[in-house]
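The values are calculated or read from the model by the stated rules, or taken from the named source; none is laboratory data. Owing to the predicted nature of the structure, the values given are computational and were not obtained by experimental measurement. Note that each Cβ is placed from the backbone with ideal geometry, even for glycine, and that neighbours are counted across all protein chains shown. In case anyone asks, the SASA skips ligands and DNA or RNA and just uses the protein heavy atoms, side chains included. Shrake-Rupley method; radii C 1.70, N 1.55, O 1.52, S 1.80 Å.
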Amino acid sequence: MKTSFLNIIIPIVLYLDLASYCHGYISAFYADNGLYQSMPIRKLRNKERREMQQEILTLLGLQHRPRPFKRKAKASAPRFMMDLYNSIEGDDQNVRKAARMDMMELFNTTVNAMKEVYDADMIMSFVNKADRIDLIRHERDRRLFFDFSEVSLDETLIGAELRIFKRKASSLPDSTYTLYIHKMKQGLDFEDKVLELVHNITVESSFKGWLHFNITNTALPWVVFPHENLGLYISVMDADGNEVKPRDIGIVGRSDKHEKQPFLLAFFRIPREVHVRRTREARKKRNKKKKQPRSSKKHDEPDYDPDEMAFSDQSWSWGRMSYNRYDHQVCQRRTLYVSFKDLKWQDWIIAPEGYAAFFCHGECSFPLNAHMNATNHAIIQTLVHSMRPLMVPKPCCAPTKLSAISVLYFDDNENVILKKYRNMVVKSCGCH
């Protein structure tokens, strides 16, 4: 069986000491009580809760909990990424349709126009950080800088697109203008910068909307050599070859509204073995850290989070009874819901608030019915178990099909990331 989120969560759920259930609950996890109802799993001690949160972060490919300095959800990049997320992962057809209309009206694009969307494991939007470059105040609307320093070498760039908004130019005569995007390179002298043409487009002065530039070849070296990334430079020429200020033809600069700020989209593919290796390495680091001696616990640190509510004895009895009911039910999919909101991660996770992971539970007893999705081996094993129960165990109830989820979140640099995570949701169960 392939390693997945469920291989971690289910053992944790089974590990929970049911005898201490009455102390309270951690509302981040909800499980099927055997009566087709979901109930919260008991709360954990602070140490256990932190370890569980860290385990989930590891599965999400994150070394630590992101803490974006400013969460500007209505800015251009987050708004575009939210529409992109809803157009793909919307709860129903109306949500997906509305998101696609927003993308067309607000960003002059469609999901189908971005061929890399469905091929990418991760889509990342970069905000313009040109204000962090010294001595360019006189060029503040010409320079663009997108920080690729946090992108891993394991993440393969398959596409990059620059998006710039242009207003209707009311102060200039109706004419055509050519907008050039240059890559800035280091010259022979340290203070000398060389411009290398990347892309150009001709637009009417009356045009209003988003302009798209394919800069994949330009961004590729930034992943491998981020120190060579000196940013991009914008220049504009009129029909007679005279230079014009970008602002004069309506190009939005850094001092304009956040909803129209330029941003960059990058599409990445991540091999599965990379994710497995990262998860393994992160766990090794945590295990090594656990072995190190720690200072004694502070007297004022509570065993349990005081903000959590407690179950009554009646609720615990109901929960104990419902767990016992599992022993007499056949193998099937059960409810398990993970709430990111209850983990208090809503300051960096934009969507979803949580997701239904599900899990498999139940008996694989003779005879195995067709709806149990039993393998041929499981059928043989069941037959032998019926004759020699002490020598051969019953088959196990386990996932037969898993699917992915997508998570939209901010990183520490205020960039927005849409990432797919494989094998996160149980689609069907069977006897193995």
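Assorted remarks:
- Residues of segment 351-409 classified as closer than 18 Å to R422 by Cα and among the polar types (S, T, N, Q), total: 3
- Only one of S171, S205 that is exposed (fewer than 14 other Cβ atoms within 10 Å of the Cβ), in contact (Cβ under 8 Å) with a residue 12 or more places away in the chain and either under 25 Å from M122 (Cβ atoms) or among the small types (G, A, S) (or both): S171
- Subset tally (residues that are of a type in the set (A, V, I, L, M, F, W, C) and within 16 Å of L211 (Cα to Cα)) for segment 79-110: 5
- Checking each residue in segment 350-399 for being assigned to a strand (DSSP E or B), within 30 Å of M124 (Cα to Cα) and either in contact with a Pro (Cβ under 9 Å, 6 or more places away or on another chain) or not hydrophobic (A, V, I, L, M, F, W, C) (or both) picks out I350, G354, Y355.
- V407 assigned to a loop (DSSP other than H, G, I, E, B) and either surrounded by 15 or more Cβ atoms within 10 Å (Cβ to Cβ) or not charged (D, E, K, R) (or both): no
- Taken as a whole, segment 110-122 holds at least one residue that is closer than 21 Å to G354 by Cα and open to solvent by 20 Å² or more (accessible area, probe 1.4 Å).
- Taken as a whole, the structure leaves V224 outside the set of residues that are buried (at least 18 other Cβ atoms within 10 Å of the Cβ) and either modelled with pLDDT of 90 or more or under 24 Å from L418 (Cβ atoms) (or both).
- Residue tally, condition assigned to a helix (DSSP H, G or I), among the charged types (D, E, K, R) and farther than 23 Å from D174 by Cβ, over segment 239-274: 3
- Residue tally, condition out of contact with any helix residue (DSSP H, G or I) (no Cβ under 6 Å at 6 or more places or on another chain) and buried (at least 16 other Cβ atoms within 10 Å of the Cβ), over segment 89-105: 1
- Selection within segment 144-159 - part of a strand (DSSP E or B) and either touching a Gly at 6+ places or on another chain (Cβ under 8 Å) or open to solvent by 50 Å² or more (accessible area, probe 1.4 Å) (or both): L144, T156
- Filter result for L35 (aliphatic (A, V, I, L, M), open to solvent by 30 Å² or more (accessible area, probe 1.4 Å) and modelled with pLDDT under 75): yes
- Positions within segment 367-411 being in contact (Cβ under 8 Å) with a residue 40 or more places away in the chain and polar (S, T, N, Q), in sequence order: N373, T375, T382, S406
- For segment 207-227, a tally of residues being closer than 14 Å to I251 by Cβ and of a type in the set (S, T, Y) returns 0.
- Residue ID - least open to solvent (accessible area, probe 1.4 Å), chosen from residues in segment 174-186 that are in a strand (DSSP E or B) and of a type outside the set (A, V, I, L, M, F, W, C): Y177
- Matching residues, segment 227-242, being closer than 17 Å to K193 by Cβ and either in contact with a helix residue (DSSP H, G or I) (Cβ under 6 Å, 6 or more places away or on another chain) or not polar (S, T, N, Q) (or both): H227, E228, N229, L230, G231, L232, Y233, I234
- Conditions (1) part of a strand (DSSP E or B); (2) closer than 22 Å to F340 by Cβ; (3) not charged (D, E, K, R): number failed by N413: (1)
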